[in-house]
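Visitor: Dropping a structure here in structure tokens format, bear with me for questions.
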Amino acid sequence: MDAGSSAALVLLVEDDYAIRESFAQILEEEGYRTAQAANGREALTYLLQASQRPCVILLDLMMPVMNGWDFRAEQQRNPAIADIPVVVISADRTAGQAVGPLGVHDFLAKPVDIPRLLATVKSACQ
């Protein structure tokens, strides 16, 4: 994948700036483009205004303003963005069982295994 406009876009929704930036750097080194949001509200605003849809959303659950649970509920209610795959990333390892009803593509526990992150993004973006 070249770094031009044809590159797949990944939306990172994470309130921790350092984590968000490190994920962005890793994904960009692999040829993806990234967009970032610090909470679910920012992510919804981005999705409804973006000229390119992301191929996947990497979503933290615990965030201020709008958490990942509420974001996903809003996303699923909006037909324009409901079908964008979501990968939940959380430090709460028990959340893996709880996210089933959210209909997510996958769940990754923090700290994230980078090869697994990249494989998960690749799978979601195909």
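Throughout, read-outs are computed from the coordinates displayed, never taken from laboratory work. For clarity, every value in this text was computed on a predicted model and none was experimentally measured. All Cβ positions, glycine included, derive from the backbone under ideal geometry; neighbour counts span all protein chains shown.
Visitor: In percent, how large is the relative contact order of segment 9-125, given Cα pairs closer than 8 Å and 6 or more residues apart?
Guide: Result for segment 9-125 is 23 percent.
Visitor: Hey, another quick one. Would you work out the charge dipole size for segment 9-125 about its Cα centre, treating the Cβ of every Lys and Arg as +1 and the Cβ of every Asp and Glu as -1, and quote it to the nearest 20 debye?
Guide: With Lys and Arg at +1 and Asp and Glu at -1, about 280 debye.
Visitor: For the charge dipole of the chain, defined by +1 on Lys and Arg C-beta atoms and -1 on Asp and Glu C-beta atoms about the Cα centroid, which residue among GLN25, GLY100, TRP69 has the Cα displaced farthest towards the positive pole?
Guide: Comparing the listed Cα positions along the dipole, GLY100 ranks first.
Visitor: Multiply the residue gap between LYS122 and ALA109 by 0.36 nm, knock off their C-alpha separation, and tell me the result in nm, one decimal place.
Guide: Between LYS122 and ALA109, full extension yields an extra 2.9 nm.
Visitor: If one computes the Cα centroid of segment 46-98 and of segment 10-28, what distance in Å separates the two points?
Guide: Between the Cα centre of segment 46-98 and that of segment 10-28, the gap is 14 Å.
Visitor: Most exposed first by the Cβ proxy, i.e. fewest other Cβ within 10 Å, how do ASP83, ASP92 rank?
Guide: ASP83, ASP92
Visitor: Give the label of the value calculated from the structure for Cα Rg over 2.2 N^0.38 Å, choosing from [x] 1.94; [y] 1.02; [z] 0.96.
Guide: Answer label, from the structure shown: [z].
Visitor: With a sphere of radius 14 Å drawn around the Cβ of ILE114, what net charge do the other residues whose Cβ falls strictly inside it have (Lys, Arg +1; Asp, Glu -1)?
Guide: -1
Visitor: Once both labels are modelled 7 Å past Cα along the beta-carbon direction, what's the ARG53-GLU29 spacing in nm?
Guide: 3.1 nm
Visitor: In addition: Could you sort 23-31, 58-66 so that the peptide with the highest average Cβ count within 10 Å comes first and the rest follow in order?
Guide: Those peptides, ordered most packed to least, come out 58-66, 23-31.
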